[in-house]
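> Once you've had a glance at the structure underneath, I'll fire off some questions.
The values are calculated or read from the model by the stated rules, or taken from the named source; none is laboratory data. Because the structure is predicted, anything quoted here is derived from the model rather than measured. Every residue, glycine among them, receives a Cβ derived from its backbone with ideal geometry; neighbour counts consider all protein chains shown.
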């Protein structure tokens with residue numbers, strides 16, 4: 001029987017693991033992570049007061065217990081990782097150029113600025129550029145206020161999945177094929193997995209999902225995505 005679907009939500013069944021054992025460490029995960037996030041460090045600080053042991057917290061954030069213990073003794077979050085200028089998509093040269101254009105016309109739209117910069121060699125994905133532009137001048141419409149709405153989910157209740165474009169890196173490495181990253185995250189615990197493939201299609205999407213479920217050793221109840229076309233086909237109200 002195909003999974004049930006409603007407006008971008010696909011239901012897979014019930015999680016096969018106890019709530020507080022969902023986050024068992026993945027072999028090699030810690031070596032692939034360069035630093036602990038601020039969100040993870042907040043968990044490390046708060047969970048001992050809730051009665052969690054160092055080992056349980058380590059499993060929760062995906063690090064070795066000795067590493068978690070050292071962070072607790074340090075009494076502060078890990079230092080923010082600084083990206084070298086030569087690895088930044090928008091480096092000092094482009095930041096100065098963008099600042100100059102905004103000084104001439106602070107209301108310029110991102111697309112207009114891109115049209116000016118692209119002939120000069122500016123090769124940055126549009127979503128990356130718009131995110132940077134918001135950090136410089138805020139939302140394009142000055143009256144817009146940031147809004148945050150928390151969405152509460154229980155352990156194993158829901159996960160999100162999506163693809164990201166990594167072709168800029170493939171080009172830098174001299175590869176002659178595409179590179180995409182399939183990302184999944186458990187909404188309650190924030191456990192994540194990244195898997196790379198040479199194309200975005202249904203077989204790769206389903207393979208990424210199978211790897212995610214194998215990694216969890218269980219299946220969350222609901223998955224959400226805005227790429228339903230990579231999971232099946234729709235005919236009216238029917239999804240297969």
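> Counting only residues that are surrounded by fewer than 16 Cβ atoms within 10 Å (Cβ to Cβ) and closer than 15 Å to residue 188 by Cβ, how many does the stretch 48-71 have?
Of the residues in the stretch 48-71, 1 are surrounded by fewer than 16 Cβ atoms within 10 Å (Cβ to Cβ) and closer than 15 Å to residue 188 by Cβ.
> Somewhere in the stretch 170-178, is a residue under 22 Å from residue 209 (Cβ atoms), free of Cβ contacts under 8 Å to residues at least 40 places away in the same chain and within 13 Å of the chain's Cα centre (by Cα)?
Checked the stretch 170-178: no residue is under 22 Å from residue 209 (Cβ atoms), free of Cβ contacts under 8 Å to residues at least 40 places away in the same chain and within 13 Å of the chain's Cα centre (by Cα).
> Return the residues of the stretch 155-204 that are under 19 Å from residue 128 (Cα atoms) and touching a helix residue (DSSP H, G or I) at 6+ places or on another chain (Cβ under 7 Å); say none if nothing qualifies.
If the condition is that a residue be under 19 Å from residue 128 (Cα atoms) and touching a helix residue (DSSP H, G or I) at 6+ places or on another chain (Cβ under 7 Å), then 178, 179, 182 are the ones that fit.
> Take the residues of the stretch 167-198 that are touching a strand residue (DSSP E or B) at 6+ places or on another chain (Cβ under 7 Å) and loosely packed, with under 15 Cβ neighbours inside 10 Å: which is farthest from residue 230 (Cα to Cα)?
194
> Of 59, 66, 24, 31, which residue is over 19 Å from the mean Cα position of the chain (by Cα), at pLDDT below 80 and not assigned by TED's automatic domain parsing to the domain that holds residue 221?
Being over 19 Å from the mean Cα position of the chain (by Cα), at pLDDT below 80 and not assigned by TED's automatic domain parsing to the domain that holds residue 221 holds for just one of 59, 66, 24, 31, which is 24.
> If we keep just the residues of the stretch 181-228 that are in contact (Cβ under 8 Å) with a residue 24 or more places away in the chain and more than 19 Å from the chain's Cα centre (by Cα), which is nearest to residue 59 (Cα to Cα)?
Once the filter is applied, the top-ranked residue is 217.
> Which of the residues belonging to the stretch 119-133 are part of a helix (DSSP H, G or I), within 19 Å of residue 92 (Cβ to Cβ) and free of Cβ contacts under 8 Å to residues at least 24 places away in the same chain?
The answer is 120, 131.
> For the stretch 73-113, which positions are in a helix (DSSP H, G or I), at pLDDT below 80 and under 30 Å from residue 55 (Cβ atoms)?
74
> For the stretch 137-155, which positions are surrounded by 13 or more Cβ atoms within 10 Å (Cβ to Cβ), farther than 30 Å from residue 212 by Cβ and at pLDDT 65 or above?
We begin by selecting, within the stretch 137-155, every residue surrounded by 13 or more Cβ atoms within 10 Å (Cβ to Cβ); these are 137, 140, 153, 155.
With the extra rule that they be farther than 30 Å from residue 212 by Cβ, the set shrinks to 137, 140.
Within the stretch 137-155, just 137 meets the criteria.
> Scan the stretch 156-185 for residues that are at pLDDT 85 or above and assigned to a loop (DSSP other than H, G, I, E, B) and jot them down.
First, the residues of the stretch 156-185 that are at pLDDT 85 or above: 157-185.
Scanning the stretch 156-185 gives 157, 166, 173, 174, 175, 176, 177, 178, 179.
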